[in-house]
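J.: Below: one structure in structure tokens.
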Amino acid sequence: MVRILLIFPYICTVMILNRLTVVNYKNIVQADLELSPKMNCLVGRNGMGKTSLLDAVYYLSFCRSSTNPIDSQVMHHDGDYCVIQGHYSSESGEPSDVFCGVKRGQRKQVKYNGKSYARYSEHLGLIPLVMVSPSDAALISGGSEERRRFMDVAISQYDKEYLFELNRYEKALTQRNAMLKQEQEPDWEVISLWEEVMAEAGRLIYQCRKAFIAQFTPIFQEYYTLIAQDKEKVSLVYQSHGDRGDLLRVIREGRAKERILGYSLHGTHKDDLEMKLGEYPMKREGSQGQNKTFLIALKLAQFEFLKRASHTVPLLLLDDIFDRLDASRVEEIVRLVSGNRFGQIFVTDVNRGNMDRMLAAVGGEYKLFYVENGEITENKSV
């Protein structure tokens with residue numbers, strides 16, 4: 001069955017992170033912050049801990065760091081454990097608490113309202129979040145796995161079945177590859193069973209990704225046009241082995257070569273998302289400013305799509321987004337972010353001037369924090 005997400009008029013729940021406690025996370029030894037429900041600004045030099053704080057907020061939504069999947073490596077060098085705790089509330093006032101704790105040599109703990117999870121995937125999507133950061137550059141310059149992850153993170157936050165099938169596919173792929181690597185001739189009947197699992201799960205993955213990109217692309221193009229002031233045209237093209245017909249046949253057709261190489265060449269684990277500026281690849285043709293505009297438009301479109309799909313306004317994290325953009329594009333981003341389509345926002349910058357411009361445009365309640373050597377201090381004078 002083809003999965004189509006129909007976008008109708010919708011009513012959204014707004015989730016607000018009211019208080020954040022961080023202990024021994026990356027270069028933050030201790031932070032306990034009362035936050036603004038609208039705009040939270042962090043100013044400081046590079047390497048001081050601004051991104052670490054945003055990553056801690058990200059961790060509360062995804063049970064992992066945005067940059068490092070190895071939990072033992074996100075702990076402060078002098079610590080044997082780290083803790084992140086967030087106290088949320090909806091606009092109706094209903095509270096929610098999220099606790100994430102990691103201790104060296106032990107399985108991490110994730111609790112929602114005091115209750116532990118059997119599987120971390122059960123938490124995904126409860127507090128939707130979109131992060132824009134310099135590491136997003138890999139979406140354009142990096143390999144296809146970066147672009148698959150972009151699709152997977154977006155879809156998994158509103159479709160639990162997709163995440164289940166994605167994990168099922170990855171397990172079958174791992175087993176098939178292990179058997180292809182064997183020195184002795186593998187049992188092809190067992191391989192056939194894993195191929196059937198790959199094909200079954202892969203069909204749903206393909207359908208979900210195809211439906212997502214079809215509905216996501218117009219939203220992305222609208223955001224790009226607004227930021228670039230209609231100076232360029234951009235597009236996204238989903239590429240998949242699923243386009244070649246029956247996926248089981250496609251997976252099996254490379255067996256002889258795959259036996260020699262020791263890994264699988266065909267399937268949805270090879271999907272890609274072509275990013276184009278006009279008729280040409282963005283990777284080849286885009287300037288630094290165009291690449292940055294493309295990435296910001298992608299993430300703002302992800303925010304809008306996720307809001308419509310989940311009926312919950314995601315948290316929006318903006319890490320160093322003004323770098324390498326001309327004044328007119330910065331102005332358009334500020335104008336967009338100052339609108340009422342966004343909920344709670346966290347933004348970092350080395351330049352206090354950029355913050356002042358954004359705050360002047362946004363108006364209303366905000367909090368400003370200074371970050372220095374992992375210590376975070378609220379500016380009480382604002």
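We did not get these values from a lab; they are worked out from the coordinates using the rules stated. Note that the coordinates shown come from a computational prediction; the quantities given were computed from them, not determined experimentally. FYI the Cβ positions are ideal-geometry reconstructions off the backbone, even for glycines, and counts take in every protein chain you see.
J.: Where a Cα-Cα gap under 26 Å defines reach, which lysines qualify for Lys233, not counting those fewer than 8 residues away within the same chain?
T.: Excluding near neighbours in sequence, the set is Lys210, Lys276, Lys283, Lys292, Lys299, Lys307.
J.: Next question. Sorted by packing (mean other beta-carbon atoms within 10 Å per residue), highest first, where do 122-129, 181-188, 372-379 land? Present the calculation step by step, with values, prior to reporting the outcome.
T.: On the way: 122-129: 19.5, 181-188: 9.9, 372-379: 15.0.
Ranked by mean Cβ neighbours within 10 Å, highest first: 122-129, 372-379, 181-188.
J.: Take segment 107-227, drop everything but the C-alpha atoms, weight them equally and run the Debye formula without solvent; then report log10 I(q)/I(0) at 0.16, 0.21 Å⁻¹ to two decimals.
T.: For segment 107-227, the Cα-only Debye profile gives -1.00, -1.26.
J.: Just how large is the dipole of segment 138-311 about the Cα centre, in debye to the nearest 20, putting +1 at every Lys and Arg Cβ and -1 at every Asp and Glu Cβ? If you can, show how the numbers build up before the last one.
T.: Values: 27 positive and 27 negative charges, 86 e Å.
Its charge dipole is roughly 420 debye.
J.: What percent antiparallel are the DSSP beta bridges of the chain, to the nearest 5?
T.: Values: 42 of 62 bridges.
That works out to approximately 70 percent antiparallel.
J.: Most exposed first by the Cβ proxy, i.e. fewest other Cβ within 10 Å, how do Phe220, Phe294 rank?
T.: Neighbour counts put them in this order, fewest first: Phe220, Phe294.
J.: Here is a follow-up. I want to check the label-to-label distance for Gln184 and Gln207. Put each point 7 Å from Cα in the C-beta direction and report it in nm to one decimal.
T.: 4.0 nm
J.: Straight distance only, please: which aspartates and glutamates reach the Cα of Lys231 with their own Cα at less than 14 Å, same-chain residues fewer than 8 apart left out?
T.: Glu222, Asp326, Glu332
J.: If eta is 0.890 mPa s and T is 25 °C, what Stokes-Einstein diffusion coefficient results for the chain, Kirkwood Rh from Cα pairs, in µm²/s? The partial results should precede the final answer.
T.: Values: Rh = 22.3 Å.
Translational D for this selection: 110 µm²/s.
J.: GNM, the chain, Cα, under 10 Å: largest mean-square fluctuation among Ala154, Ala56, Ala361?
T.: Greatest mean-square fluctuation among the candidates belongs to Ala361.
J.: Return the single residue from Ser72, Ser36, Ser92 with maximal mean-square fluctuation; model: Gaussian network over the chain, springs between Cα atoms under 10 Å.
T.: Ser92
J.: A follow-up question, please. Highest mean first, what order results for 105-118, 264-277 on Cβ atoms within 10 Å?
T.: Ranking the peptides 105-118, 264-277 by packing returns 264-277, 105-118.
J.: Residue by residue through segment 369-374, what is 3J(HN,Hα) from phi via Karplus (6.51 cos²θ - 1.76 cosθ + 1.60, θ = phi - 60°)? Round to whole Hz and write x for glycine and proline.
T.: 10, 9, 10, 9, 6, x
J.: Could you tell me the calculated FRET efficiency between Arg255 and Glu285, based on Cβ-Cβ distance and R0 = 30 angstrom, to the nearest 0.05? Display every interim value, and only then the final one.
T.: Values: r = 38 Å, r/R0 = 1.27.
Efficiency for this residue pair is about 0.20.
J.: Place +1 on the Cβ of every Lys and Arg and -1 on the Cβ of every Asp and Glu in the chain, take the dipole about the Cα centre, and give the residue among Thr268, Ile140, Met355 whose Cα lies farthest towards its positive end.
T.: Comparing the listed Cα positions along the dipole, Thr268 ranks first.
J.: I would also like to ask the following. Alpha carbon centre of segment 215-264 versus segment 107-127: separation in Å?
T.: What the calculation gives is 31 Å, centre to centre.
J.: At a 10 angstrom cut-off on C-beta neighbours, averaged per residue, how do the peptides 131-138, 173-180 rank from highest to lowest? Let's see the in-between values first.
T.: Details: 131-138: 18.6, 173-180: 17.0.
Ranked by mean Cβ neighbours within 10 Å, highest first: 131-138, 173-180.
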